[in-house]
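Engineer: My questions all concern the structure below.
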Amino acid sequence: MSTEDLAQQAADRVRELIAEAEGRAEQIIREAEAEAARIRAQAKAAQPVAETPDPQPPSPVPEPPVPHPDPTPPGDPLPEPPSTEPAPTPPTPPSPEPTPGLAGTNGSVGDDTAARLIAMKLAIDGKNRDQIAAELEAKFGAAERGALLDDVLARAGR
């Protein structure tokens with residue numbers, strides 16, 4: 001199998017993965033919009049209805065308060081806290097280094113991953129850097145994506 005055949009197979013597989021990712025993203029958006037509509041409908045249904053006047057006037061004598069039992073058993077005093085020095089805090093493990101070019105300005109890993117996939121698809125389809133940047137901005141808003149574009153275009157061999 002030639003290098004060109006392998007490259008074509010890889011490009012086809014990337015296109016398939018991107019199409020699957022875009023389809024899943026669209027499904028997630030549809031589900032989120034449906035959930036938002038359901039929540040709005042519930043909130044609207046839960047809004048208080050204008051009260052109608054009560055035919056009987058309220059009672060002039062308030063009801064006595066209900067006593068609440070004490071949760072501690074009688075005769076059991078609360079233990080005194082130990083008078084020792086506070087335990088040393090364990091060292092925090094180092095945080096993993098972010099992958100260069102993956103983190104965007106909006107901090108959303110899902111958007112960054114989706115932007116990377118779409119950028120790769122566009123690069124494989126032959127779009128230039130400016131065309132890719134314009135499409136990403138249209139889909140995901142303005143953000144600094146220079147490192148992402150450099151990486152994607154280098155991986156796409158462009």
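Bear in mind that the values in this text are calculations on the coordinates, not laboratory data. The model shown is predicted, which means the values in this text are computed figures rather than measured ones. As a convention, Cβ positions derive from the backbone with ideal geometry for all residues, glycine included, and neighbour counts pool all protein chains shown.
Engineer: Assuming 0.36 nm per residue, please report the length gained on full extension of the stretch residue 24 to residue 47 beyond their Cα-Cα distance.
Structural biologist: Going from the current span to full extension adds 4.8 nm.
Engineer: Quickly rank 130-138, 145-153 as a protection proxy: mean count of other C-beta atoms within 10 Å, highest first.
Structural biologist: Values: 130-138: 15.6, 145-153: 18.0.
Peptide ranking by packing, descending: 145-153, 130-138.
Engineer: Under 30 Å from the Cα of residue 139, which lysines turn up, not counting those fewer than eight places away in the same chain?
Structural biologist: Within the straight-line cut-off, residue 139 pairs with 121, 127.
Engineer: Quick one: if you stick a label point 7 Å off each Cα along the C-beta vector at residue 128 and residue 33, how many nm between them?
Structural biologist: 3.4 nm
Engineer: What residues qualify as long-range amide H neighbours of residue 125, i.e. H under 5 Å apart, gap of 5 or more or another chain, H built at 1.01 Å from N?
Structural biologist: none
Engineer: I need the phi-derived Karplus couplings for the stretch 120-126: 6.51 cos²θ - 1.76 cosθ + 1.60, θ = phi - 60°, integer Hz, Gly and Pro marked x.
Structural biologist: The phi angles translate into 5, 4, 5, 5, 5, 6, x Hz.
Engineer: For residue 156, which sequence-distant residues (separation of 5 or more, or a different chain) have an amide H within less than 5 Å of its own amide H, given hydrogens modelled in the peptide plane?
Structural biologist: none
Engineer: Which net charge results when you count Lys and Arg as +1 and Asp and Glu as -1 among the other residues whose beta-carbon is under 13 Å from that of residue 13?
Structural biologist: So the environment of residue 13 carries a net charge of -2.
Engineer: Sticking with this structure for a sec: Could you give me the ³J(HN,Hα) list for the stretch 18-27, computed from phi with Karplus coefficients 6.51, -1.76, 1.60 and θ = phi - 60°, whole Hz, x at Gly and Pro?
Structural biologist: Whole-Hz 3J(HN,Hα) from phi for the stretch 18-27: 5, 4, 5, 5, 5, x, 5, 4, 5, 5.
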